[in-house]
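To start, the structure under review is shown below, and the notes come after it.
Please treat every number below as a calculation from the coordinates, not as lab data. Predicted, not measured: the structure shown is a model, and the values here were computed from it. Neighbour counts run over all protein chains shown; Cβ positions are idealised from the backbone, glycine included.
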Amino acid sequence: MTKQWQHITQQIAQHDYGVTPHELPMVRHRDGRVARINQPPDGVTPRAAAVLVLVTPNQQDIDIVLTRRGGHLRQHGGEIAFPGGKVDANETVVMAALREAEEELGISSSAVHVLGALHTIYVPRSNHMVTPVVAWCDELPRFVPNPHEVAEVFMAPLMTILPADVLCFEERQFGEDQLVVPYFMINEYRVWGATALMLSDFVARIRAYQAQIATR
């Protein structure tokens with residue numbers, strides 16, 4: 001079963017199976033208009049960033065590693081996120097994702113196998129274009145969270161986010177706008193924003209892959 005899920009994860013990290021960025025559940029106005037566009041405004045050059053979507057097998061399918069960022073952090077404090085950060089000079093997105101995972105969680109790059117990547121996501125608040133790098137680990141690594149960056153590390157079991165009807169929506173006030181925000185409820189936390197978009201991309205690809213296999 002582990003080998004099967006490793007194969008599936010590798011396939012969806014290398015092929016989008018028809019899942020496109022504009023199909024992902026974006027923040028919208030109450031009348032349905034998209035409020036968040038997955039690209040920077042005209043004339044704005046985003047900074048490159050990367051996160052590590054680390055996948056490990058469990059007894060039934062797979063777990064995805066998530067963190068709760070420290071509440072004192074200037075950017076995205078207290079939010080649920082993948083380990084990651086900006087791409088430094090002379091780094092690739094893969095190098096950056098692996099480095100950040102080691103700095104934040106103590107995960108050695110030698111313990112994981114990089115499989116591919118998901119669609120890039122633009123984060124307006126920090127002006128980052130983020131590449132989600134997907135990696136596999138045969139067993140749950142020993143986490144050593146950096147207390148300056150990570151308040152908590154936990155797993156998102158695939159079975160809790162794979163069904164299409166588990167995505168939730170709520171209205172939030174952003175300045176003068178009342179917006180409809182999609183989110184996953186994981187480990188009693190609302191997982192929204194870029195992390196929710198990346199998870200949505202991940203599970204949408206698995207559903208598309210499974211549908212394709214079922215028709216063969």
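Summary of computed values
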{"read-out": "Helical segments meeting 15 Å axial Cα length and Kyte-Doolittle -1.0 threshold in the chain (DSSP H)", "value": "93-105, 193-214"}
{"read-out": "Cβ charges +1 (Lys, Arg) and -1 (Asp, Glu), total dipole of the chain, debye", "value": "260 debye"}
{"read-out": "For region 156-216: rounded, prolate or oblate by the Cα gyration tensor [a/c cutoff 1.5]", "value": "prolate"}
{"read-out": "The chain: relative contact order as a whole-number percent, Cα under 8 Å and 6+ apart", "value": "27 percent"}
{"read-out": "Selected from Gly84, Ala214, Val114, residue furthest toward positive end of dipole (the chain; charges at beta carbon)", "value": "Ala214"}
{"read-out": "Simple spin-label estimate for Ile37 and Glu171 in nanometres, 7 Å along Cα-Cβ", "value": "2.6 nm"}
{"read-out": "Inter-part distance where region 73-151 and region 168-216 are each reduced to a Cα centre, Å", "value": "19 Å"}
{"read-out": "Which labelled figure in [x] 30, 21, 17; [y] 25, 22, 17; [z] 33, 18, 16 is semi-axes √(5λ) of the Cα gyration tensor in Å, once derived from the coordinates", "value": "[y]"}
